[in-house]
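The block underneath contains the structure these notes are about, expressed in structure tokens.
The values are calculated or read from the model by the stated rules, or taken from the named source; none is laboratory data. Predicted model only: the values in this text are computed from it and were never measured. Here the Cβ is made from the backbone with ideal geometry for all residues, glycine too, and neighbour counts use every protein chain on show. Accessible surface areas use protein heavy atoms only, side chains included; no ligands, DNA or RNA. Shrake-Rupley method; radii C 1.70, N 1.55, O 1.52, S 1.80 Å.
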Amino acid sequence: MLACWTDYLSLCRVTAAIGYLFLLLFSFFITVYTACFNGNCQLLDSCSQATDCGPGLYCGNCPSLGKSQPFCTRGQAIMPTSIVGGLPFNKYSWLMTHNSFSIVDAPSLQGVQRLTFYNQEDTVTNQLMNGVRGLMLDMYDFNDDIWLCHSFRGQCFNFTAFQPAINTLREVETFLSQNPSEIVTIVIEDYVHTPKGLSSLFVNAGLDKYWFPVSKMPKKGEDWPTVNEMVQANHRLLVFTSVASKEAEEGIAYQWKYILENEAGDPGVKPGSCPNRKESRPLNSKSASLFLMNYFPSYPVETEACKEHSARLADMIGTCFKAAGSMMPNFLAVNFYMRSDGGGVFYDLDSMNGQRLCGCNTIAACQAGAPFGSCKNITMPSSSPMTNTAGSFSGSVQFSKSASTIYYPNQFAIGFFSIPWMLFLL
């Protein structure tokens, strides 16, 4: 009798286990069936691959804020001129990438392992397609040519070199030729000593036909021409150099004659402080009408960028706005621009343009032709950033590496450049 009872209990346990397994499988299939996929996922929805998320979104994560599971995050900018157009160029805010060329996984063209820092994750073409309108490029004399290089003390090495600068400039030329209403700004950290080297480089890249002439740049803080006037004149490329003499020698604008700039690196991300860069005039100066806000740490780490682009970025924009005498930044320069915990730099850029162009908390709430302060009633955050006809800028927003990848080359570079013997190379 006892043996029968034991057999009965065993049968019950087996039956219960099978039933529990069935419920788990049923729950799993229901979850999979009801989950979004194939481009239907909206902002902050869970995702498993890039194609799950809707237009202007990508599938990423933010482990540094405890968000390890992938979710849909903003990956494209709203073009402010598509909503409020026709204003002077300096009335808008634009996204700029710091060291735009310093791209993770970019192949070495020198046949040696590259030992330097990385700041971006996709090509310059892709950056432009996603709404970036400002590029920071470091140019050096190297191998009897001009190269993009992330180096130190004004010298490019084979282990810090990326590629000939003309390759990237041809990407810009292609973008401008295919998008005749867009304006791009290039800021050059200039270590080129070849006579007429930079001006010849831009001519050879076919960019001279888009050149905004120095003679037409405002010299005393006046407004710039309107974006419509710049497009009509085909003056759609603004180029600035860090070398003052090249304005007279090569017709390339000296950066700090026209642009106010806060300190780069760690001083530029310190909460509550927004000091001007030593080469720049004071941020509250009225003698220049463009303001470049640097927001990136001295040592870039991909996994930390999403945290950097969270609430602390909005706070720093407010701090710099006050430091500049209530002047909103025209360029917001960042590392790893697509990394965030949701809206990221795109959300803050929308807020900057909304406040300055129409008095609304986001550019998406602005109404063309409506009085200042007349805003559409929209839900924040928006389910999709693409609320206008800027859909042609549809570069892929999938990272070059999986969101779960744990190899971060910058961490190796930080360790390498902290080795005392590296001081002999400085």
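Scan the range 51-71 and give yes if some residue there is in a helix (DSSP H, G or I), within 16 Å of the chain's Cα centre (by Cα), touching a residue at least 60 places away in the same chain (Cβ under 8 Å) and under 30 Å from G359 (Cβ atoms), otherwise no. The answer is no; no qualifying residue exists.
Residue-wise test of (1) open to solvent by less than 10 Å² (accessible area, probe 1.4 Å); (2) farther than 15 Å from M293 by Cβ; (3) touching a His at 6+ places or on another chain (Cβ under 8 Å).
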position: L237; (1), (2), (3): yes, yes, no
position: S245; (1), (2), (3): no, yes, no
position: E250; (1), (2), (3): no, yes, no
position: Y254; (1), (2), (3): no, yes, no
position: K257; (1), (2), (3): no, yes, no
position: E263; (1), (2), (3): no, no, no
position: G268; (1), (2), (3): yes, no, no
position: S273; (1), (2), (3): no, no, no
position: R277; (1), (2), (3): no, no, no
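Of all residues in the range 203-245, those being closer than 16 Å to F331 by Cβ and touching a Gly at 6+ places or on another chain (Cβ under 7 Å) number 1.
Here the condition is being more than 19 Å from the chain's Cα centre (by Cα) and closer than 25 Å to N126 by Cα; of L198, L169, it holds for L198 alone. Of the residues screened, R339 is one that is open to solvent by 10 Å² or more (accessible area, probe 1.4 Å) and under 14 Å from the mean Cα position of the chain (by Cα).
Looking at this structure, is T160 modelled with pLDDT of 95 or more, open to solvent by less than 40 Å² (accessible area, probe 1.4 Å), closer than 30 Å to R114 by Cα and among the polar types (S, T, N, Q)? Taking the combined requirement at face value, the residue satisfies it.
Of the residues screened, K219 is one that is charged (D, E, K, R), in the same structural domain as L260 (by the TED database) and modelled with pLDDT under 95. Taken over the range 185-213, the criterion of being open to solvent by 20 Å² or more (accessible area, probe 1.4 Å) and not acidic (D, E) is satisfied by Y191, H193, T194, P195, K196, S199, S200, V203, N204, K209, W211, P213.
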